[in-house]
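Worksheet for the structure shown next.
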Amino acid sequence: MPAEKVVPKRLEGQRLNVEIGTRMMTKFFGNQNAIKAVFVGMEAGAYLVVRLMGVGGLQDYLIEGNEVVVKFISSGVVYGFQSRILGYLFKKSMVLVLLVYPKSVETYELRQETRIESRFPGVLHFGDREYNGYILDMSPSGLRFAIGLTNGNPAADISWGVPVTISFQIPGLEGLRKAACKVRSIQNESKFLAIGLQFDNLAPVLDQDIRRFVEDASLFNEPH
């Protein structure tokens, strides 16, 4: 699970602990998709200003008074609060949204190794063989990959500790990524084979992309 120890906190007379430029995740009432945003500024006790990173299809939800959930991470702590839209400004591809200053905020600390559930396709490369499948979950140090058993069980070929390569596209980012891995677990399920993979010497850019994806996705996972 991504986090633990939820702590509600009142903000009466206090300044929200967020710096200009902080990346946020927003979810507007009526829209199931989380939208990335950047914190622009605020007047403590009055309002916040955020810049939305995606604008497609949002016009129906950017309504004065509509509710929004906002979450962000600062120093390993997730902050989350509910607010309402005060107003917004469209200018070319930029959207600024004015939000009511929250009365309270919930905080919870991230565990050392955040792992998020996922369902996106990938390809496992082992020697001259390729296995299409799905990434079931991902963390900064590795992932779990599922291979369907409709074309036989590859478990006889793949064993603990062997080096493999996995290629995938990180949701929200363009381009195919490839990561060298080592097999750390193999589990036979009724309809698929689940393989635990540990990343092996990730390139710095890919490491950063994976960490940002996991961090962003973890913001809307429920803490336990």
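For the condition modelled with pLDDT under 90 and not assigned by TED's automatic domain parsing to the domain that holds ILE35, what is the one hit in ALA180, ALA194?
Step by step, each of ALA180, ALA194 is checked, and only ALA194 is modelled with pLDDT under 90 and not assigned by TED's automatic domain parsing to the domain that holds ILE35.
What strands (runs of 3 or more DSSP E) completely inside region 35-84 contain at least 3 residues that are under 13 Å from VAL95 (Cα atoms) and modelled with pLDDT of 90 or more?
In region 35-84, the matching strands (runs of 3 or more DSSP E) lie at 35-43, 47-52.
Taking the condition of being over 22 Å from the mean Cα position of the chain (by Cα) and β-branched (Val, Ile, Thr), how many residues in region 153-200 meet it?
Of the residues in that region, 6 qualify.
Table: residues versus (1) among the basic types (Lys, Arg); (2) at pLDDT 90 or above; (3) surrounded by 12 or more Cβ atoms within 10 Å (Cβ to Cβ).
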site	(1), (2), (3)
ARG129	yes, no, no
SER139	no, no, yes
ALA146	no, yes, yes
GLY161	no, no, no
SER167	no, yes, yes
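Find the residue count for region 175-205, including only residues that are of a type outside the set (A, V, I, L, M, F, W, C) and either touching a helix residue (DSSP H, G or I) at 6+ places or on another chain (Cβ under 6 Å) or farther than 20 Å from PRO140 by Cβ (or both).
Residues that pass the stated criteria total 6.
Identify, from the list ILE73, ILE20, ILE35, the residue that is among the hydrophobic types (A, V, I, L, M, F, W, C) and surrounded by fewer than 14 Cβ atoms within 10 Å (Cβ to Cβ).
Being among the hydrophobic types (A, V, I, L, M, F, W, C) and surrounded by fewer than 14 Cβ atoms within 10 Å (Cβ to Cβ) holds for just one of ILE73, ILE20, ILE35, which is ILE20.
The values are calculated or read from the model by the stated rules, or taken from the named source; none is laboratory data. Values in this document were obtained by computation on a predicted structure and should not be read as measured data. Here Cβ is always computed from backbone atoms with ideal geometry, including for glycine, and neighbour counts include all displayed protein chains.
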